[in-house]
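The values are calculated or read from the model by the stated rules, or taken from the named source; none is laboratory data. All of these numbers come straight from a predicted model, not from anything done at the bench. Positions of Cβ are backbone-derived with ideal geometry, glycine not excepted, and every protein chain shown enters the neighbour counts. Surface accessibility is based on the protein's heavy atoms, side chains included, excluding ligands, DNA and RNA. Shrake-Rupley method; radii C 1.70, N 1.55, O 1.52, S 1.80 Å.
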Amino acid sequence: MEAPLAGKTVVLAVTGGIAAYKAVEVARLLKKLGARVLPVLTKNATKFVGPVTFSGITGEAVREDLWDAGVSGELHVLLAAEADLIAVVPATADSMARMASGRCDDLVTATLLCTQSPVLVAPAMHPQMWRHPATEHNTNLLRDRGTLFVGPVDGPVASGESGLGRMAEPSEIVSAIQRHIQARQALPASADQRDLLGKHVVVTAGPTHEPIDPVRFLGNLSSGKMGFAIAEAAARRGATVTLIAGPVHLATPAGVRRRDIVTARELHDAVFAERDTTDVLIMAAAVADFRPREAATQKIKKSDQDDGAPVLELVRNPDILTSVGASRTADQPRPTMLVGFALETGDDASVIAYARDKVRRKKCDLIVANRADQSLGKDDNRVFLVADRRDEVPIVSGPKSLVSSRILDIVVAALS
Ligand code: CTP
């Protein structure tokens, strides 16, 4: 059987922290999976681990110098282009700050600034440094730009203290690298076309949480996986992608701008803030239809309830898809393409019937209908693509990456 990462190249960027010695194990595990590993070390990294260790493990020349006279061409450009993924292991607070501000005065940062491949960082630092607002700001900036994060985790750090800042274990970092490379590989060949270049695609994903009091909410079981897969596929096809995400635990796909929201009203405002520049809006979020009329400012106590349980009064949330559909006019033809989802619990025939009704009622161009038992929380999905003014209803089933690419095929066809 072929090794899982055979034919793939990982640029392993090692920056100067004590956890640099664990990057050797990352290199070893990646080699074991069949990847070609190109080590790039900062000057500070070499103070922690010798380059010879990395060349011994990987069988490749270790690069340190932006001005390497032995290479014909620009080394950072060559490395950036060859990488299927660049992993920064460990990522120190300083290297993250330098990445966030777009510095490029050494080989690691210049390669990172030059690449179009996914970048994954494994932060490692003292918990105080991880908690510092400057690092938090840099982390958010990097996440917004689509940088993938593994860790840090809670545990002992070099100083002997304990807290959030310890680098994730090498096996966990390697699993994340493998997952991201394979997820991209799973996309069909057609997704390599950059047929959404110049288009702004806004995707909503995940559930909304509607607060009952400071510690409780009304929510639903949406995992966000479908919306995240669509955002990733659209970015790969050249779109400028804004992903508006509810509370989910998923890494931002590479190259995707992410906005986090919690409630349906925040989602409504975030969608409308983008609307004037949106070419395609894909509402994959499972928006809560109702919210408690008022969220209590203090935790609701059992002892405050005379007859044992409070009664929650619910009010309707705005229907975002319907509002966007209704706001499209000849003067304001934005978004050009409006795609809704419909999550239902019936059999195939009733799912299609509901979707036909929704596509008309919500004035959208396409409804992607799916059954809760075949989609919620799963990596695969089975969907019915119900378009306005078309009798035929294609059914697509498979990994959410493949389903995403079929949905985008319809979007591209409609745009052209
Ligand atoms: N949606 C929305 N705003 C809401 C509820 C839903 O924008 N308040 C969007 C969802 O993101 C999805 C589509 O509308 O794209 C369909 O959601 P669904 O809950 O299936 O439809 P409803 O119209 O709420 O119908 P029902 O719950 O009665 O099936």
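Structure data summary
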item: Simple label model, 7 Å out from Cα along Cβ direction - Ala134 to Ile395, nm; result: 5.8 nm
item: Fraction of accessible area attributable to carbon and sulfur, the chain (%, probe 1.4 Å); result: 51 percent
item: Taking the convex hull of Cα positions in the chain, its mean projected area over all directions (nm²); result: 24.8 nm²
item: Chain lengthening between Arg293 and Met1 when straightened (0.36 nm per residue, less Cα-Cα); result: 99.3 nm
item: Surface per residue (accessible, 1.4 Å probe) for region 9-185, Å²; result: 44 Å²
item: Dimensionless Rg/Rh of region 9-185 - Kirkwood Rh, Rg from C-alpha atoms; result: 0.94
item: Selection from Pro127, Ala342, Ser405 lying farthest towards where the dipole of the chain points positive, charges on Cβ; result: Ser405
item: Cα-centred dipole magnitude for region 118-177, charges only on beta-carbon of K, R (+1) and D, E (-1), debye, nearest 20; result: 160 debye
item: Selection from Thr115, Val52, Gly238, by position along the positive dipole direction of the chain (Cβ); result: Gly238
item: Total formal charge among the other residues, if their Cβ is under 9 angstrom from that of Asp319, Lys/Arg +1 and Asp/Glu -1; result: +1
item: Summed side-chain charge close to Pro170 - residues other than Pro170 whose Cβ falls under 9 Å, Lys, Arg +1, Asp, Glu -1; result: -1
item: Assigned charges on the beta-carbon of Lys, Arg, Asp, Glu; region 305-407 dipole about Cα centre (debye); result: 620 debye
item: Value of relative contact order over the chain, rounded to a whole percent, pairs C-alpha under 8 Å and six or more apart; result: 11 percent
item: Convex hull of Cα atoms in region 188-415, direction-averaged projection (nm²); result: 13.5 nm²
item: For region 188-415: accessible area per residue (Å², 1.4 Å); result: 48 Å²
item: Highest-fluctuation residue, Pro39, Pro123, Pro51 considered, GNM on the chain with Cα pairs under 10 Å; result: Pro51
item: Signed unit charges on C-beta, dipole axis of the chain, positive-most listed residue Leu196, Leu321, Asn381; result: Leu196
item: Charged-residue dipole, Cβ positions (Lys, Arg, Asp, Glu), the chain about Cα centre, Debye nearest 20; result: 200 debye
item: Relative intensity, log₁₀ I(q)/I(0), of region 150-263 from a Debye sum that treats every alpha carbon as a point, q = 0.10, 0.13, 0.15, 0.16 Å⁻¹; result: -0.42, -0.67, -0.83, -0.90
item: Surrounding net charge for Asp279, when Lys and Arg each add one and Asp and Glu each subtract one, Cβ distance under 9 Å; result: +2
